[in-house]
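Engineer: What follows is a structure written as C-alpha cells; I'll ask about it next.
The values are calculated or read from the model by the stated rules, or taken from the named source; none is laboratory data. A quick note: this is a predicted structure, and the numbers were derived from the prediction, not measured. Note that we place each Cβ from the backbone using ideal geometry, even for glycine, and neighbour counts take in every protein chain shown.
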Amino acid sequence: MDMINKAIANVLPYFPKKLIWIFSKRYIAGETIEDGLRVAKELNSEGIEVTIDLLGEFVNNLNQAEEYKNKYISIIERFTSENITGNFSLKPSMFGLLVNKGICLKYIEEIVKKAVEKNSFIRIDMEDSSCVDSEIEIYKYLLHKYPAHVGLVIQAYLRRTISDLVQLKTFQLNGTPLSFRLCKGIYIEPENIAFKKHDEIQDHYIEDLQYMFDQKIHVGIATHDKQLVERAYKLIEEKQIPSDMYEFQMLYGVTPELRKSIVTNGHKMRVYVPFGKEWFGYSTRRLKENPKIASHIIKALFARG
C-alpha cells in the first residue's frame with residue numbers, strides 16, 4: 001500500500017489544481033490575508049499562538065522578491081494591528097537568496113525592523129542544503145543587531161546540525177536566550193548530508209533537543225510524531241525545564257488530536273499558519289513528505305461524486 005501511495009503522490013502534482021485543493025484546504029488557511037487572519041483568530045480563541053507564513057520560495061526575480069518584502073511588511077502591520085497573538089516566519093529564498101544575497105539580506109532586515117517596531121518576532125526558516133550556510137549567516141547578522149526579535153529553524157535530519165548548534169551557541173548576546181525551532185526536516189537530501197533511517201532521525205532529534213535544554217536555548221519542539229512528543233515530555237520533566245523556555249509547534253491541520261492533548265496537558269502550543277496564492281508547491285511537498293495522504297485525496301474525489 002505504501003508503494004501505491006507513493007506512486008499516487010508522485011502523479012498527483014500533475015493533476016488539476018482543483019483536485020489538489022481538496023487536500024490542501026485542510027493545511028492552508030487560504031489565499032488571502034483575510035483567510036490568514038480568520039484562522040489565526042480561531043486558534044487564538046483556543047489558547048493557541050500562531051506563526052504566520054506567506055507562501056512562496058525560490059524566487060529568481062528580484063522585482064518579485066521586493067514585492068514579497070512589501071507584502072510581509074503589510075502582513076506584520078495588519079496582524080499586529082488586530083492583536084493576533086503570534087509571530088512570523090519567512091523563507092530567505094523568497095527574497096532572492098539564490099540570486100543576490102546582499103539584496104536578500106537587505107529585504108529581510110527591513111522586515112525584521114518592522115517586527116521590532118511592532119514588538120514582534122521573525123523566524124528564519126531553514127531550506128534545503130544549498131541554502132543552509134547562507135541562512136545561518138543571515139541569522140547571525142540579524143541576531144547581533146536584533147537579539148530578541150529573530151530566531152532560526154534547525155533540521156534534526158542534517159548530519160551537521162549538532163555542530164551547528166554548538167557553534168551558534170557562541171553567538172548568544174546580552175543574556176537573551178537563543179530561539180530555535182527544531183523540526184525533522186522535509187527536503188530530499190543525499191545520505192552524506194542527511195540521516196535517512198527513521199530511528200536515526202528520531203534519536204538525533206532528541207540529542208539536539210537535549211543539547212538546547214542543557215544550554216538554556218529556547219526551543220520550539222516542532223513535531224507531529226507522538227513518540228517524539230512523549231520523549232520530549234520525559235526530558236522536560238527530568239530536567240525541570242521552565243515553561244517559558246519551550247513550546248510545542250505544529251502545522252495547521254496536522255494531527256489535531258495530538259495537538260489538543262498537548263494543550264490539555266498544560267504545554268504551550270504554536271501553530272504554523274500558511275496562506276497565499278503559492279499554495280500549490282507547499283501542498284505537493286506535503287504529499288511527498290507523507291504519501292499516505294494521497295489515498296485520502298482519491299477517496300475525497302470519489303466521495304464528491
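Engineer: Please find, among LEU90, LEU55, the residue that is within 23 Å of LEU251 (Cβ to Cβ), in contact with an Asp or Glu (Cβ under 8 Å, 6 or more places away or on another chain), of a type in the set (A, V, I, L, M) and surrounded by fewer than 21 Cβ atoms within 10 Å (Cβ to Cβ).
Structural biologist: Result of the check over LEU90, LEU55: LEU55.
Engineer: Another question, if that's okay. So, in region 23-37, exactly how many residues are surrounded by 15 or more Cβ atoms within 10 Å (Cβ to Cβ), of a type outside the set (A, V, I, L, M) and closer than 18 Å to ASN83 by Cα?
Structural biologist: Residues meeting the conditions: 2.
Engineer: Pull out all pairs, ordered by first then second residue, where Cβ-Cβ is under 7 Å, the residues are six or more apart or on different chains, the first lies in region 58-81 and is hydroxyl-bearing (Ser, Thr, Tyr), and the second is in a helix (DSSP H, G or I).
Structural biologist: Going by the 7 Å Cβ cut-off, the qualifying pairs are TYR68/MET94; TYR68/PHE95; TYR72/ILE111.
Residues checked against (1) within 30 Å of LYS196 (Cβ to Cβ); (2) modelled with pLDDT of 95 or more:
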{"position": "SER120", "(1), (2)": "no, yes"}
{"position": "GLU127", "(1), (2)": "yes, no"}
{"position": "SER134", "(1), (2)": "yes, yes"}
{"position": "LYS140", "(1), (2)": "yes, yes"}
{"position": "VAL150", "(1), (2)": "no, yes"}
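Engineer: Please go through (1) exposed (fewer than 14 other Cβ atoms within 10 Å of the Cβ); (2) within 28 Å of SER130 (Cα to Cα); (3) modelled with pLDDT under 95; (4) not hydroxyl-bearing (Ser, Thr, Tyr) for GLN167 and return the number of the only condition it doesn't satisfy.
Structural biologist: (3)
Engineer: Of the residues that make up region 62-69, is at least one under 28 Å from ILE262 (Cα atoms), buried (at least 20 other Cβ atoms within 10 Å of the Cβ) and at pLDDT 95 or above?
Structural biologist: No - not one qualifying residue is present in region 62-69.
Engineer: Which ones in region 234-286 are surrounded by fewer than 19 Cβ atoms within 10 Å (Cβ to Cβ) and in contact with a Ser or Thr (Cβ under 7 Å, 6 or more places away or on another chain)?
Structural biologist: LYS268
Engineer: Considering every residue within region 200-216, establish whether at least one is surrounded by fewer than 18 Cβ atoms within 10 Å (Cβ to Cβ) and either outside any helix (DSSP H, G or I) or in contact with a strand residue (DSSP E or B) (Cβ under 9 Å, 6 or more places away or on another chain) (or both).
Structural biologist: yes
Engineer: Would you mention how many residues in region 100-128 are small (Gly, Ala, Ser) and surrounded by fewer than 17 Cβ atoms within 10 Å (Cβ to Cβ)?
Structural biologist: 1
Engineer: Does LEU228 meet the test of being of a type in the set (A, V, I, L, M, F, W, C), within 26 Å of GLU57 (Cβ to Cβ) and at pLDDT below 95?
Structural biologist: In short, no.
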